[in-house]
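Below is one structure, written out as structure tokens, with a few remarks after it.
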Amino acid sequence: MSAAPGRMEQSFRDRRAAGRKLLVPYITGGLPGWQDALRAAVAAGADAIEIGIPFSDPVMDGPVIQEASQRALDAGATPVSILHEARELDVEVPLAVMLYYNTVHHAGHHRFAEQLASAGIVAAIVPDLPLEEAGPWCEAADASSIETVMLAAPTAPDERLPRVCARARGFVYSVGLLGVTGERSALASTATTLAGRLKAITDVPVLVGVGVSNAAQAREAVQVADGVVQGASVVRRLLEAGADAVGEYVAEVRAAIDADI
Amino acid sequence: MTLMAEPSATGRFGEFGGRFVPETLVPACQELEAAFRDAWADPVFRQEYRDILRDYAGRPSILTECHNLGRRLGIRLVMKREDLNHTGSHKINNVLGQALLAKRMGKTRLVAETGAGQHGVASATAAALMGLECKVYMGAVDVARQELNVFRMRLMGSEVEAVQSGSRTLKDAVNEAMRDWVATVGNTHYCLGSVMGPHPYPWMVREFHRVIGDEAREQMSTSFGGDPDVVVACVGGGSNAMGIFSGFVDTGARLVGVEPAGGAAVGRGVPGVVHGMRSYLMQDEYGQVQEAHSISAGLDYPGVGPEHSYLASIGRAEYPAVTDAEVIDAFQLLSRTEGIIPALEPAHALAWIVREAPTMQGATVLMNLSGRGDKDVAQMMEILR
Ligand SMILES: Cc1ncc(COP(=O)(O)O)c(C=O)c1O
């Protein structure tokens, strides 16, 4: 179907084959304490980390990640400074970035893909770059061995999903609900429905993200999906309580999704 | 290629435009494109739209020759009076079209962003008329400086939310409206207020404002002996400018879109992608969108509609900028010489005309007077005190 799996996808496939559910915390790059939080999350059992590169106009993000982005920008964070700091991290798990398309567009596709690769980043998630517009970036990313994660949304008709999966590298990001990032009191029913639709048509790992807000919801999501991405619940802890709280939370989610069903 | 025709299948005007939206919104944009295409080709819809523009908005809007000011400037100055439309600006043309379309698509709720509040007021008006629910997002800075419009929207039954993020102006109101739409796309239509955003908005909104240019072309020919030498409009997102340009793009007329100096997307920006489109955009060296700063809430926007970027790139239209100080002078000048108080937005167009008049002696200049100044009187009272 697609090219040989990249580093993140291979790692996810191997872990899945070993019966493990995948946990990917999101951490806003450049937020004071972000590197410590990232290391704590890895130590607590994260399978990969999604590093957010803050953007002035984050349309897919709710209040918590908006605030984190703004604080990081106010602290002087830039894509270049974050990639520079990422290079020093020296962690075992694959690192992805989540960013808005203008960051890539402004730097230039090939140049940016190379910058990611030389910072040790293996994958990119670009939530405002849908399938129809993704061609030029994906080409540049492929050339630099950067895996481009594609998002699939609950609104997608059946005929669209196979095309999204065919272009997905690393994993398919199954958007958990109609809405932006942020914590919700319950997992939306769309989360498991969409994950199920995707699992039925692809063997690329399927991770649910957006609106997976605590350990119990993560456990519910992985009954169907291969794993979860957790954003606002992680970032809120970093904003409110610091890196240790992030580590404790990731350990709690890890235990919940590892527990026998 | 014929200018100002349909964009390409991917919504491109040259290299500009496109549909850079979250995956969740792709089906909604596709559905909207299909619905608009269908409606626009349907004589029944076209008639319904023409009727509502005539019987509710008060179209056609008239042309007024500004004899006093024209004499003083040494030009023939003609104004297209969009300020006389119901709700006080050109924005009603687009909103009535989109509200009719939303109903045809079975949507029950509108969301809209607004800067000066004119698009918000027009949206609230159409929602009240057609029995739709309506929520308007407005930057907190603009809520403060356009208080009267906030009250008008609420009076007509719309909810107004003050947006506290980012620069707390139009750009952030668009972000918040898009976030709402991502969550409510099933029953909600995003009633976007200018020729910007993802495909099909730039095309659709231009078509809904084409009536300005079509009327003006005919009125110029009937009452002023033919096409003007220069057509001038202010540019925020660029909808009133697109409307009037559309009537004259195939003539020899010079087309001038006037930007505020603090929000000169074409003048100071480089191509970028935000709010669903690729267009000229004011941004820093890392692609962070810069905040615009203008006296006029309606033009306080760091981007511009993609078709303007295209017209600029091929040299068919030009996009000079004027300063807040020039605008304040122009606002007073039109009030005093013609008894017409303009909105601050079209006062930008006039400010450019005043500055350039010495180079246009004897020319016929058609300006789009996109809105009236009632909403700006309180703010100007403070400034002129
Ligand atoms: C009277 C008036 N003119 C112009 C504008 C700017 O919008 P556009 O550039 O889309 O015409 C506004 C926006 O609020 C307005 O109220």
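The values are calculated or read from the model by the stated rules, or taken from the named source; none is laboratory data. None of these values were measured; they are calculated from a predicted model. When we count neighbours, we look across all protein chains shown, and the Cβ atoms used for this are built from the backbone with ideal geometry, even at glycine. Ligands, DNA and RNA are stripped out before the accessible areas are found, and what is left, the full protein with its side chains, is counted by its heavy atoms. Shrake-Rupley method; radii C 1.70, N 1.55, O 1.52, S 1.80 Å.
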Residues to consider are B:GLY272, B:GLY226, B:GLY236, B:GLY247; find the one that is without any contact (Cβ under 8 Å) to a residue 24 or more places away in the chain and small (Gly, Ala, Ser). B:GLY226
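Open to solvent by 10 Å² or more (accessible area, probe 1.4 Å), away from the ligand (no atom under 15 Å from the Cβ) and within 14 Å of chain A (Cβ to nearest Cβ), is that true of B:ASP250?
Details: open to solvent by 10 Å² or more (accessible area, probe 1.4 Å): yes; away from the ligand (no atom under 15 Å from the Cβ): yes; within 14 Å of chain A (Cβ to nearest Cβ): no.
No, not satisfied.
Please find, among B:GLY243, B:GLY272, B:GLY287, the residue that is open to solvent by less than 10 Å² (accessible area, probe 1.4 Å), under 30 Å from B:THR359 (Cα atoms) and not aliphatic (A, V, I, L, M).
Exactly one residue qualifies, and that residue is B:GLY243.
Determine whether the range A:166-186 contains at least one residue that is within 12 Å of another protein chain (Cβ to nearest Cβ), surrounded by fewer than 18 Cβ atoms within 10 Å (Cβ to Cβ) and either hydroxyl-bearing (Ser, Thr, Tyr) or assigned to a helix (DSSP H, G or I) (or both). Write out each step before concluding.
Residues of the range A:166-186 within 12 Å of another protein chain (Cβ to nearest Cβ): A:167-168, A:172-182, A:184.
From what's left, surrounded by fewer than 18 Cβ atoms within 10 Å (Cβ to Cβ): A:167.
Retained after the next criterion (residues that are either hydroxyl-bearing (Ser, Thr, Tyr) or assigned to a helix (DSSP H, G or I) (or both)): A:167.
Looking for residues that are within 12 Å of another protein chain (Cβ to nearest Cβ), surrounded by fewer than 18 Cβ atoms within 10 Å (Cβ to Cβ) and either hydroxyl-bearing (Ser, Thr, Tyr) or assigned to a helix (DSSP H, G or I) (or both), one finds at least one in the range A:166-186, hence yes.
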Which of the residues belonging to the range B:128-170 are touching a Lys or Arg at 6+ places or on another chain (Cβ under 9 Å), surrounded by fewer than 17 Cβ atoms within 10 Å (Cβ to Cβ) and within 15 Å of B:THR87 (Cα to Cα)? B:LEU148
For a quick check of your reading: which strands (runs of 3 or more DSSP E) sit entirely within the range B:15-127 and have at least 2 residues that are crowded, with 22+ Cβ neighbours inside 10 Å, under 14 Å from the mean Cα position of the chain (by Cα) and within 16 Å of the ligand (Cβ to nearest atom)? B:109-114
Restricting the range B:300-325 to residues that are farther than 14 Å from B:VAL258 by Cβ and open to solvent by 20 Å² or more (accessible area, probe 1.4 Å), the one nearest to the ligand (Cβ to nearest atom) turns out to be B:TYR310
Hey, A:ASP14 hits all of (1) open to solvent by 10 Å² or more (accessible area, probe 1.4 Å); (2) in contact (Cβ under 8 Å) with a residue 12 or more places away in the chain; (3) more than 27 Å from B:GLY276 (Cα to Cα) but one; which does it fall short on? (2)
I'd like to check something: does the range A:102-116 contain any residue that is part of a loop (DSSP other than H, G, I, E, B) and in contact (Cβ under 8 Å) with a residue 12 or more places away in the chain? no
Is it true that some residue in the range B:15-25 is away from chain A (no Cβ under 14 Å) and touching a residue at least 60 places away in the same chain (Cβ under 8 Å)? no
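Select from the range A:151-162 the residues that are open to solvent by 10 Å² or more (accessible area, probe 1.4 Å) and closer than 19 Å to A:LEU207 by Cβ and write down the one among them that is farthest from the other protein chains (Cβ to nearest Cβ). Before the answer, list the steps.
Residues of the range A:151-162 open to solvent by 10 Å² or more (accessible area, probe 1.4 Å): A:151, A:154-155, A:157-159, A:162.
Next cut, closer than 19 Å to A:LEU207 by Cβ only: A:151, A:154-155, A:162.
Numbers: A:LEU151: 4, A:PRO154: 7, A:THR155: 5, A:PRO162: 14 Å.
It comes out as A:PRO162.
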For the range A:63-79, pairs from a residue that is facing another protein chain (nearest Cβ under 8 Å) to a residue that is in a helix (DSSP H, G or I), with Cβ under 6 Å and 6 or more apart or across chains, are A:PRO79/A:THR103
Suppose we filter the range B:165-202 for residues that are within 13 Å of another protein chain (Cβ to nearest Cβ), within 16 Å of the ligand (Cβ to nearest atom) and assigned to a helix (DSSP H, G or I); how many remain? 6
Need the failing condition index for B:GLU161 against (1) outside any loop (DSSP other than H, G, I, E, B); (2) within 11 Å of the ligand (Cβ to nearest atom); (3) not small (Gly, Ala, Ser), just the number. (2)
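Can you tell me which residue within the range B:128-147, out of those that are in contact with a helix residue (DSSP H, G or I) (Cβ under 6 Å, 6 or more places away or on another chain) and part of a helix (DSSP H, G or I), is modelled with the lowest pLDDT? Break it down stepwise before answering.
So the first thing to find is which residues in the range B:128-147 are in contact with a helix residue (DSSP H, G or I) (Cβ under 6 Å, 6 or more places away or on another chain), and the list is B:130, B:134, B:136-139, B:142-143, B:145-146.
Filter once more, so that each one left must be part of a helix (DSSP H, G or I): B:130, B:142-143, B:145.
On the way: B:MET130: 98, B:ASP142: 94, B:VAL143: 95, B:ARG145: 85.
Within the range B:128-147, the match that is modelled with the lowest pLDDT is B:ARG145.
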Have a look at B:ALA347, B:ALA297, B:ALA292, B:ALA343 and point out the one that is within 14 Å of another protein chain (Cβ to nearest Cβ), within 14 Å of the ligand (Cβ to nearest atom), in contact with an Asp or Glu (Cβ under 9 Å, 6 or more places away or on another chain) and open to solvent by less than 30 Å² (accessible area, probe 1.4 Å). B:ALA292
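Which residue is farthest from the chain's Cα centre (by Cα), if the candidates are limited to the range B:216-233 and must be more than 16 Å from the ligand (Cβ to nearest atom) and open to solvent by less than 30 Å² (accessible area, probe 1.4 Å)?
Across the range B:216-233, the extreme among qualifying residues is B:GLY226.
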